[in-house]
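In what follows, a structure is listed as structure tokens, so that the remarks can point back to it.
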Amino acid sequence: MAQQNINVGAIGNDGTGDDLRTAGTKINNNFSELYGDVSVLQATSGIGTSGISFDSGGLRFEGSTADSHETLLLATDPTTDRTIFLPDAAGTLALTADITATIDSAYVSMITGTAFDSGSTLTLIKTNSIDSAHTELLIDSAYVQLRQITATFDSSEVTQMIDSNYVKGFADSNYVLGFVDADHINSVVNILDSAQILGIADSSQLDSSDIIQMVDSSYTQTRVDKVDLRNYSVATSPNAGDTPHGNLIFVTNGNSGAACLAAYDSDAGYYRRIALGAQIST
């Protein structure tokens, strides 16, 4: 039966609406159909309506005991139309917490027949993991080059970034001397000839004053045998206290006013003269 609406007329007491009997009949018919539908619902579901109600946009269940505790079934506010299908099976709905509590390590061991300790787990991971060979097949040179940042620099651009000021900023003379010392130079002196040394000095823009500061007389004398044949007189001969044993000099008046060679005797504390012979000849 379609819903029966009561005709209330256009305005109050205008005599165009249903009379009281007709209106009451329509009301009875509507309720009769409604109660009939509820009875069919109860008979189909096997439950009564005393424990079920609609509340707060959800369905509230009283349960088998009428008390202050009910279960309210609600839906999260949907962002679009949703459809949820209940399975065609008998059973109890489980929450996520119930699933975690039920499917634990003991449950997995029971199903698989294997107790998974750390060793078993690592074996399972190794069996099903990707090794380096498989990884290289996926990530090869073409894959890397496709994703790398392309930036090409020629010599002029590199020179602009790394110029002499940049190099001098962290590699000064102390820095160089820290690892290129006398021992290092002595170890390569047989490899570098004069042309190579001059080429290095020229490329480093070292002038004579720079070289003299690094390779002075003290530096040279510590690396060669003492042979000093500069002209001295008896009065200007080197200080005996600073002279090593065997030091050889040329003295213009050391042989009773005549020229001679002289060798220092540190035990005696003075130079011993070596008389010069006749002119050399073949």
Starting from segment 74-101, keep only residues that are closer than 24 Å to Ile52 by Cα and outside the structural domain of Ile52 (by TED's automatic domain parsing), then list their pairs with residues that are among the basic types (Lys, Arg) and surrounded by 10 or more Cβ atoms within 10 Å (Cβ to Cβ) whose Cβ atoms are within a distance under 8 Å, requiring at least 6 positions of separation or different chains.
-> none
For Ser164, all conditions in the list (1) modelled with pLDDT under 75; (2) loosely packed, with under 11 Cβ neighbours inside 10 Å hold save one; what is the number of the exception?
-> (1)
Here the qualifying pairs (Cβ atoms under 9 Å; residues six or more apart or on different chains; first in segment 155-181 and not polar (S, T, N, Q); second not in a helix (DSSP H, G or I)) come out as Met161/Phe153
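The values are calculated or read from the model by the stated rules, or taken from the named source; none is laboratory data. What you see is a predicted model, and the numbers here were worked out from it, not measured in a lab. Note that we place each Cβ from the backbone using ideal geometry, even for glycine, and neighbour counts take in every protein chain shown.
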